[in-house]
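*Asks:* Below are the structure tokens for one structure; questions will follow.
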Amino acid sequence: MIVTISVWSLYVKTIWIVLTIAVALAVGGTALAQSGGLSDSEPVVLTDEQGQYPLGLHLDILEDPSGELTIDDVASPEYASQFVRSDVATPSFGLTDSAIWARVSFENKSARVAHWFLEHGYPNTHFIDVYAPDPDGEGYAVDEVGALRPVENRDLSHPNFVFDIDIPTGEEQPVYLRVQSGSTINLPLTLWAPTNFLVHSGR
């Protein structure tokens, strides 16, 4: 009888330890999943040795079902931790009425390039707004393009949407995108040094 009780006690203790570890891992995993934000994200480092940067795995994503959030909203501390890091090379959201926000931070260590081209490679997108810090230091400047907007709005004449982004040498800065569309929303985004982009485009 004594042996039976000892074995049973050992069994109960083992089960208790396993359950405790499982709960701890679950709580820890939830905390990791909810953590995030621009301060925890490494910037994309731009150098003279590289002229092309696929951005899918560097994007933080926020879905706005209301479609009413502004750049001041999403850039505020209240929303900073609500962005989720993309784990795919080309984030895709199918057909949705939501506005999709994406953000990415760049650190420009290039000694030669201060203007970069941000290419969005899905020309059927209806509305794309790109926000970069205003050179005057007053909030964000915005470029508004899309398949349902005038071609004259575009920085560059190209089948895809291409934005001229000023990233001063030696500085780090965030860029935000807001995408909304009546068609499928995809984010095939690439940052280019201008020379590399022109070669890529056959120009």
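*Asks:* Kindly indicate which of D48, D72, D60, D87 is of a type in the set (D, E, K, R), within 29 Å of V113 (Cα to Cα) and in contact with a Phe, Trp or Tyr (Cβ under 6 Å, 6 or more places away or on another chain). Give the derivation first.
*Replies:* Details: D48 fails: in contact with a Phe, Trp or Tyr (Cβ under 6 Å, 6 or more places away or on another chain); D72 fails: in contact with a Phe, Trp or Tyr (Cβ under 6 Å, 6 or more places away or on another chain); D87 fails: in contact with a Phe, Trp or Tyr (Cβ under 6 Å, 6 or more places away or on another chain).
It is D60.
*Asks:* Only residues that are open to solvent by less than 40 Å² (accessible area, probe 1.4 Å), aliphatic (A, V, I, L, M) and more than 17 Å from the chain's Cα centre (by Cα): list them for the range 174-203, please.
*Replies:* A193
*Asks:* Could you check how many residues of the range 145-173 are open to solvent by 30 Å² or more (accessible area, probe 1.4 Å) and not in a loop (DSSP other than H, G, I, E, B)?
*Replies:* Residues flagged as open to solvent by 30 Å² or more (accessible area, probe 1.4 Å) and not in a loop (DSSP other than H, G, I, E, B) within the range 145-173 amount to 6.
*Asks:* Scan (1) under 16 Å from V175 (Cβ atoms); (2) touching a residue at least 40 places away in the same chain (Cβ under 8 Å); (3) open to solvent by less than 50 Å² (accessible area, probe 1.4 Å); (4) over 19 Å from the mean Cα position of the chain (by Cα) for the single condition D134 breaks and write down its number.
*Replies:* (2)
*Asks:* If you don't mind, another one. Can you name every residue in the range 39-76 that is modelled with pLDDT of 95 or more, outside any strand (DSSP E or B) and open to solvent by 60 Å² or more (accessible area, probe 1.4 Å)?
*Replies:* Hits for the range 39-76 are E49, Q50, L57, H58, P65, S66, E68, T70, D72.
*Asks:* Oh, and also: Just for the range 107-121: of the residues that are open to solvent by 30 Å² or more (accessible area, probe 1.4 Å) and small (G, A, S), which one is nearest to the chain's Cα centre (by Cα)?
*Replies:* Going through the qualifying residues, I end up with G121.
*Asks:* From the list E119, E152, which residue is out of contact with any Phe, Trp or Tyr (no Cβ under 9 Å at 6 or more places or on another chain) and among the acidic types (D, E)?
*Replies:* Unique residue meeting the criteria: E152.
*Asks:* From T96, T195, T90, T190, grab the single residue that is assigned to a helix (DSSP H, G or I) and of a type in the set (S, T, N, Q). Please lay out each step first, then the result.
*Replies:* Working: T96 fails: assigned to a helix (DSSP H, G or I); T90 fails: assigned to a helix (DSSP H, G or I); T190 fails: assigned to a helix (DSSP H, G or I).
Residue meeting the stated conditions: T195.
*Asks:* So, in the range 156-177, exactly how many residues are more than 17 Å from G121 (Cβ to Cβ) and touching a helix residue (DSSP H, G or I) at 6+ places or on another chain (Cβ under 8 Å)? Outline the logic, then answer.
*Replies:* Going residue by residue through the range 156-177, those that are more than 17 Å from G121 (Cβ to Cβ) are 166-174, 176.
Now drop any that are not touching a helix residue (DSSP H, G or I) at 6+ places or on another chain (Cβ under 8 Å), which leaves 174, 176.
So the count comes out to 2.
*Asks:* So V84 passes all but one of these: (1) within 18 Å of the chain's Cα centre (by Cα); (2) at pLDDT 95 or above; (3) open to solvent by less than 70 Å² (accessible area, probe 1.4 Å). Which condition number does it fail?
*Replies:* (3)
*Asks:* Here is a further query. Mind listing whichever residues of the range 183-203 are more than 23 Å from K109 (Cβ to Cβ) and either in contact (Cβ under 8 Å) with a residue 60 or more places away in the chain or in contact with a Leu (Cβ under 6 Å, 6 or more places away or on another chain) (or both)?
*Replies:* S183, T184, I185, N186, L187, P188
The values are calculated or read from the model by the stated rules, or taken from the named source; none is laboratory data. Owing to the predicted nature of the structure, the values given are computational and were not obtained by experimental measurement. No Cβ is skipped: glycine too gets one built from the backbone with ideal geometry, and neighbour counts run over all protein chains shown. Surface accessibility is based on the protein's heavy atoms, side chains included, excluding ligands, DNA and RNA. Shrake-Rupley method; radii C 1.70, N 1.55, O 1.52, S 1.80 Å.
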